[in-house]
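The values are calculated or read from the model by the stated rules, or taken from the named source; none is laboratory data. Since the model is a prediction, treat every value here as computed from it, not as a measurement. Quick reminder, even Gly has a Cβ in these numbers, built from the backbone with ideal geometry, and neighbours come from all protein chains shown.
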Amino acid sequence: MDTQEMNTEEISTEEMPSEEVNTDEKVTVIGVRFRNVGKIYYFDPTGFEINVGDKVIVETARGIEIGTVLLGAREVGVESIVSPLKGIERLATEEDVEHAAENRDKEKEACVKCKELIEKHGLDMKLVGAEYTFDNKKLLFYFTSDGRVDFRELVKDLAGVFRTRIELRQIGVRDEAKILGGLGICGRELCCASYLSDFAPVSIKMAKEQGLPLNPTKISGNCGRLMCCLKNENETYKYLNSNLPNKGDTIITPTGREAAVEDLNVLRQQVVVVVEGEDDIKERQTYHVSEISFKQRKKKIEVTDEEAKELEGLEDNDLESSNAEENSQDNKKHNREHNHGKDNSHHRDRHDKNHDNKRNKKYNKKKHYNKKNHNNKDNNEG
């Protein structure tokens, strides 16, 4: 795999002069997406008349790519981007669109060949998909694996077959489900494959908040992790639960009698209570929360050790992402350039980084020199 050396020299920022950023400054951008349900990245539309739905050719950290404009020209705060903001190379032509379609066909053929080579080398990895950059200068293969994989020999063989730069990228099971797609237990297309551009952390606590049975088959998706839709409804359930008493609490019924809460209907905001009648006969009654009175208490949703052990492996695991980073230096480069927490397209290029490094070293060296002269002057005066 063709990799670039990383600059590991640490630069002290404590002694550097701070540059104030004018947060009121606005920048005109457009939003471009490269994959279905992928992230949206910002680019500078200056010099082009671009509409939503247009195909554009742009330069990204991975190379020349073709993308679809999803956000028309708009102004965003300068703090929302990472300068310098790259522009549009050109509007895509029909030939460009056809070339992108040809690349999709070539990717299927690449997957077949890669699977053959994986089997030949006896590697414990599952190939998920392949992706060519628009200019065909790089071919990326996505795979999953339970641990680290030494794929150096595989990369050499792939490079010999396809005559281009090869990158193997280990992904998690959630990303696998997003790429492959499918139907969830609800009968609809997977959330991650239909509209979720990024994954949010999902916890067992969310399932308990929503009163769901803690059964792995009931609360996990096709990827084997907790269903993404638990996150979608969590805030609603939090609010609705805050209006209700807890099970076992004592409430006052509309008739002024005390009763113990036996069950709750969160969505209907109803409380099922047990009321003791004459001759010690117990009777179940249902009231709307607005009809009863009770002492409001803060609810604490906790996952027991037994529940955590039973549902082990359903929550997100950082092991997959750490394995992916250890497997490839290119993964680290990609993470720095793309996964920076904002919908932006790229960081400064390598030339700008080297220029800044030289400037910072020059500044620190000059400051150290001035400080040394100042100390010598003090000694001389003493």
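Side notes on the structure shown:
- Test: residue in the stretch 225-246 that is in contact with a Cys (Cβ under 7 Å, 6 or more places away or on another chain), assigned to a loop (DSSP other than H, G, I, E, B) and surrounded by 15 or more Cβ atoms within 10 Å (Cβ to Cβ): yes
- The listed residue being at pLDDT below 90 and out of contact with any strand residue (DSSP E or B) (no Cβ under 8 Å at 6 or more places or on another chain), out of Leu196, Leu190: Leu196
- For the stretch 274-285, the criterion of being within 46 Å of the chain's Cα centre (by Cα) and either more than 25 Å from Leu212 (Cα to Cα) or not in a strand (DSSP E or B) (or both) is met by none of the residues.
- Residue that is nearest to Val173 (Cα to Cα), among those in the stretch 139-162 that are part of a helix (DSSP H, G or I) and not hydrophobic (A, V, I, L, M, F, W, C): Arg152
- Of the residues making up the stretch 46-54, one or more are loosely packed, with under 15 Cβ neighbours inside 10 Å and either β-branched (Val, Ile, Thr) or at pLDDT 90 or above (or both).
- Complete set of residues in the stretch 144-196 that are of a type in the set (S, T, N, Q) and over 21 Å from Arg33 (Cα atoms): Thr144, Ser145, Thr164, Gln170
- Residue check, Asp263 surrounded by 11 or more Cβ atoms within 10 Å (Cβ to Cβ), in contact with a strand residue (DSSP E or B) (Cβ under 9 Å, 6 or more places away or on another chain) and closer than 29 Å to Ile185 by Cβ: yes
- Leu267 at pLDDT 90 or above and outside the structural domain of Cys114 (by TED's automatic domain parsing): yes
- Taken residue by residue, the stretch 147-162 has no member that is out of contact with any Leu (no Cβ under 7 Å at 6 or more places or on another chain) and within 30 Å of Glu233 (Cβ to Cβ).
- Taking the criterion of being touching a Phe, Trp or Tyr at 6+ places or on another chain (Cβ under 7 Å), surrounded by fewer than 21 Cβ atoms within 10 Å (Cβ to Cβ) and in a strand (DSSP E or B), the only residue of the stretch 164-207 that qualifies is Arg169.
Yes or no, residue by residue, for (1) closer than 30 Å to Gly87 by Cα; (2) at pLDDT 50 or above; (3) β-branched (Val, Ile, Thr):
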site	(1), (2), (3)
Pro254	no, yes, no
Asp279	no, yes, no
Arg284	no, yes, no
Lys299	no, yes, no
Asp305	no, yes, no
Ser322	no, no, no
Glu325	yes, no, no
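- Residues considered: Ala207, Ala193. Of these, the only one that is touching a helix residue (DSSP H, G or I) at 6+ places or on another chain (Cβ under 6 Å) and in contact (Cβ under 8 Å) with a residue 40 or more places away in the chain is Ala193.
- Pairs meeting the criteria (first residue in the stretch 172-184 and more than 19 Å from Gly147 (Cα to Cα), second residue surrounded by fewer than 20 Cβ atoms within 10 Å (Cβ to Cβ) and polar (S, T, N, Q), beta carbons under 7 Å, at least 6 apart or on different chains) are Gly182/Asn222; Gly184/Asn222.
- Where strands (runs of 3 or more DSSP E) sit wholly within the stretch 50-138, those with at least 2 residues that are farther than 29 Å from Glu176 by Cβ, in contact with a Ser or Thr (Cβ under 6 Å, 6 or more places away or on another chain) and touching a residue at least 24 places away in the same chain (Cβ under 8 Å) occupy 63-77.
- Count of the stretch 224-261 residues which are among the hydroxyl-bearing types (Ser, Thr, Tyr) and in contact (Cβ under 8 Å) with a residue 12 or more places away in the chain: 4
- Residue in the stretch 90-105 that is within 30 Å of Leu314 (Cα to Cα) and buried (at least 18 other Cβ atoms within 10 Å of the Cβ) present: no
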